[in-house]
Amino acid sequence: MNAQLKNAELSSELLGLRSVLIGSLPATLMTKDAPDRYTVEAVFTRKTDRDEVAAIQGNEMRARLSAKGYSTVELHVADRRLEIANTNLEELRDGLGSIIAELLAEISASLQAEREVAAGRFQDASDREQARAADVAALAESVTFTRRPAVDVLDDESRIEDWVEEGGAVRA
């Protein structure tokens, strides 16, 4: 659990993209041999965590991109880079880049909210356990191992007689 909390602290900044890696673009761009679609690599603003990678590469992200009109676009995380396959620079410039940025921010915000809820639950459980342990310790401390004085049977009989004589009961 500490590792999850540590990861949550490290990734408190919303995930985003900084820039396109120029060196990863096809060498034939802006020539007659340029491909229509290719993979564009972009640099993340910070290191992604395992949950973010799963969400970026998951079916929900594909469905959301498809719903926005980008059914052929595929996203893959490679280290500190996002590989955006089956696209081009023009498509990214004209709207896809903004959509991806928004989706990445939504993923980050959602995961942060989930982690905050989990951290709150963990803290509540920890507080309850500490209170329970304190109650157990207090109960254990209340136990004494001292002998009680022996009760004399005759003494009980004499007290009953006194009570009967005072009108406490009719004895048969």
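The values are calculated or read from the model by the stated rules, or taken from the named source; none is laboratory data. Predicted, not measured: the structure shown is a model, and the values here were computed from it. Backbone-built Cβ (ideal geometry, glycine too); neighbour counts: all protein chains shown. These area figures cover heavy atoms from the full protein model, side chains too; ligands, DNA and RNA do not enter into them. Shrake-Rupley method; radii C 1.70, N 1.55, O 1.52, S 1.80 Å.
Tabulated data
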item	result
Every residue from the range 80-107 that is open to solvent by 40 Å² or more (accessible area, probe 1.4 Å) and more than 14 Å from G16 (Cα to Cα)	N86, L89, E90, R93, D94
The one condition in (1) surrounded by fewer than 10 Cβ atoms within 10 Å (Cβ to Cβ); (2) modelled with pLDDT of 90 or more that D152 fails to fulfil	(2)
Yes/no for A118 being assigned to a helix (DSSP H, G or I) and farther than 30 Å from A34 by Cα	yes
Subset of the range 66-79 that is out of contact with any Lys or Arg (no Cβ under 9 Å at 6 or more places or on another chain) and within 23 Å of R46 (Cβ to Cβ) - its residue that is most open to solvent (accessible area, probe 1.4 Å)	H76
Of all residues making up the range 35-57, the number that are of a type in the set (G, A, S) and either touching a residue at least 12 places away in the same chain (Cβ under 8 Å) or loosely packed, with under 13 Cβ neighbours inside 10 Å (or both)	2
Inter-residue pairs, beta-carbon under 6 Å, first within 22 Å of D51 (Cα to Cα) and basic (K, R) and in the range 108-129, second open to solvent by less than 50 Å² (accessible area, probe 1.4 Å) and in a helix (DSSP H, G or I), 6+ apart	R115/A8
Filter result for D51 (charged (D, E, K, R) and either within 23 Å of L14 (Cβ to Cβ) or not in a helix (DSSP H, G or I) (or both))	yes
E114, sole failed condition from (1) at pLDDT below 95; (2) charged (D, E, K, R); (3) open to solvent by less than 60 Å² (accessible area, probe 1.4 Å)	(3)
